[in-house]
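K.L.:
I have a structure here, written as structure tokens, and I will follow up with some questions on it.
Just so it is clear, none of the values below were taken in a lab; they were calculated from the coordinates. Fair warning: this is a prediction, and the values are worked out from it, not measured in the lab. With ideal geometry, Cβ positions are generated from the backbone for all residues, glycine too; neighbour counts draw on all protein chains shown.
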Amino acid sequence: MQFRVSSINDLTAEDFDSWLRVLQDNPQLDSPYLHPEFTKCVAAVRPDVEVTVAEVNGRTVGFFPFQRIARRVGRPVGGRLNDCHCLIASPELRWDLQDVMHASRLTSWDFHYLPADRPQFQDHIERRFDCAYIDVSHGYEQYIENLDSKRVVKESARKSRGLEREFGKLRFEWHSHDKQAFETLRQWKSEQYQRSDIADVFSFPWTLELLRELGSRSGEEFEGLFSTLHAGDRIIAVHFGMRAGRVLHHWFPAYDPELRKFSPGLMHALAIAEAAPQHGIERIDLGEVCDYKSRIMSGSNPFVAGSIDLDTVRRLLRSGYQRTREWVKNSPLRGPARLPGRWLRQLTEWWEFR
């Protein structure tokens, strides 16, 4: 196996054709994050995107897109915004991770949303978790019928009627170009991040530029989708996501906090699921399982997080930090350590989004 490292601008039309062919031949690589258009969009707003191309006997067989955030330190394209990343190749192809890292001129690469069925990464895993999805491949009604608890749909319908009585008829828009509605998304998400005491993703200019870049893409093969839910003339929920072929990734949802009692976010998620089959969508990826996602998901897939470190010192420091963190978490120091721990987390998040 031979490797070459390229910028997006140096990749040829044949390279992109090969990339798309790898995705078409391997249905398990159907996430929008793995599509070359996502990497192109990130490269349009950031100068640090590179792609390592793997070839066997002159035939292109795989791709490893990454961001070089320091001289020999890499991360997935889009950083923390990327909810699915891996080596883009047939699962049967056996990559040597050290060869990939050396060829990419990297000594470390952190991953946080990697499918768990990649054997090359098993020795580098630090955390395991599940990601939810909605299956609408047989239509919305069948999806509802297969839900473990149909109560959530009935509750949403009841709240919808109450919302309409108070504010007017509900109206859903699959793909909106309303700039004011997009600004509403930014405002609501920023307020949500601040309430949750985590880094405001939208305080970094490149992240908003990325969403606008994605929004300029259109077509079933790949596009950014911005949908809205209205009650009368009032916007009550918004969502920006990405679709690639039959898969939609549910990415940035937000709702009017003043209407929390009506659960407009859940209402909007169900409206997206209902409309999805009409637009050729068969699966909606929701990201890591949490309370509200567990109520509407059809199932889940295992994912992992961790780090590949060829630098011995950095690997030992990271391992020591992880052990110390777990010890503090389960010790009497957990309370006193919360404040400096929050500062450290905020600094880490700034580093990841800068």
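K.L.:
How do 79-87, 138-146 rank on mean C-beta neighbours within 10 Å, highest first?
P.N.:
Working: 79-87: 20.9, 138-146: 14.1.
Highest mean packing first, the order is 79-87, 138-146.
K.L.:
Counting just the Cα atoms, what span does the stretch 27-86 cover along each of its three principal axes? Round to the nearest Å and put the largest first.
P.N.:
32, 27, 18
K.L.:
Let me ask you something else. Of Lys150/Lys261; Lys40/Lys261; Lys169/Lys189, which ones are farther than 30 Å apart at the Cα? Mind dumping the intermediate values first?
P.N.:
Working: Lys150/Lys261 19 Å; Lys40/Lys261 40 Å; Lys169/Lys189 25 Å.
From the list (Lys150/Lys261; Lys40/Lys261; Lys169/Lys189), the Cα-Cα distance tops 30 Å for Lys40/Lys261.
K.L.:
Give the peptides 33-44, 10-21 in descending order of average Cβ contacts within 10 Å, highest first.
P.N.:
On the way: 33-44: 23.4, 10-21: 14.5.
Averaged packing, sorted descending, gives the order 33-44, 10-21.
K.L.:
With angles folded into 0 to 90 degrees, how steeply does helix 205-215 sit against the dominant principal axis of the chain? Use alpha carbons for both and round to 10.
P.N.:
Rounded to the nearest ten degrees, it is 70.
K.L.:
Specify which labelled value, from [x] 20.3; [y] 21.8; [z] 21.0, agrees with Kirkwood radius over Cα pairs in Å derived from the coordinates of the model shown.
P.N.:
[y]
K.L.:
Dipole size in debye (nearest 20) for the chain around its Cα centre, Lys and Arg Cβ +1, Asp and Glu Cβ -1? It would help to have the intermediate numbers written out before the result.
P.N.:
Details: 49 positive and 50 negative charges, 304 e Å.
For the chain, the charge dipole is close to 1460 debye.
K.L.:
Please list, in order along the stretch 127-137, the HN-Hα scalar couplings obtained from phi with the Karplus expression 6.51 cos²θ - 1.76 cosθ + 1.60 (θ = phi - 60°), rounded to whole Hz, x for Gly and Pro.
P.N.:
Using θ = phi - 60°, the values come out as 8, 10, 7, 10, 10, 8, 8, 10, 9, 10, 5 Hz.
K.L.:
Taking Cα centroids, how far is the stretch 230-283 from the stretch 1-80 in Å?
P.N.:
Centre-to-centre distance over Cα atoms comes out at 29 Å.
K.L.:
Which semi-axis lengths, in whole Å and largest first, follow from the square roots of five times the eigenvalues of the Cα gyration tensor of the stretch 1-128?
P.N.:
Details: eigenvalues 69, 62, 48 Å².
Working from the Cα gyration tensor, I get semi-axes of 19, 18, 16 Å.
K.L.:
Note down the magnitude of the dipole of the stretch 1-155 about its Cα centre, charges +1 on Lys and Arg C-beta and -1 on Asp and Glu C-beta and zero elsewhere, to the nearest 20 debye.
P.N.:
On the way: 18 positive and 24 negative charges, 127 e Å.
Roughly 600 debye, rounded to the nearest 20.
K.L.:
Give the long-range amide H neighbours of Leu225: residues separated by 5 or more places, or on another chain, with amide H under 5 Å away, using H modelled in the peptide plane at 1.01 Å from N.
P.N.:
Gly241, Met242, Arg243
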